[in-house]
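Trainee: Quick one: this structure, given as structure tokens, is what I'll be asking you about.
Every number here is computed from the coordinates shown, using simple stated rules; none is lab data. It should be emphasised that the depicted structure is a prediction, and the values quoted were computed from it without experimental measurement.
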Amino acid sequence: MTPGGSAELCGLIAVGDLLHGVGDKPVYDLNPQQTTELILGPAGSDISLWISRAWKAGEPPQPVREVKLKRNGPCGAAAPTTALVQEAPQHPN
């Protein structure tokens, strides 16, 4: 996550959160460049990020949840103009 970037500014994603998917695509087998390509897109387009909070020793695993954002800005990064969080019933496949 870029410090001061739109994902951080939305307040729904924090440094250390785990990214599980972008839209309907899991990112487990992708390298960082491939994952970045999924995240970037045209300004004004929607994006769904499937994330969970980082696991901490002694705590149960955190649920995967969907964060929906609208991309904005000259580089096409996600911006906090629209945000919705919902827990996922299961990981997207």
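Trainee: Work out from phi, with θ = phi - 60° and the Karplus expression 6.51 cos²θ - 1.76 cosθ + 1.60, the ³J(HN,Hα) of each residue of segment 10-19, listed in order in whole Hz, and give x for Gly and Pro.
Mentor: So the J values, rounded to whole Hz, are 5, x, 9, 10, 10, 4, x, 4, 9, 8.
Trainee: Still on this structure, I have one more. Hey, which lysines would be in cross-link range of K25, C-alpha to C-alpha under 20 Å, not counting anything within fewer than 8 residues on its own chain?
Mentor: K25 reaches K68, K70.
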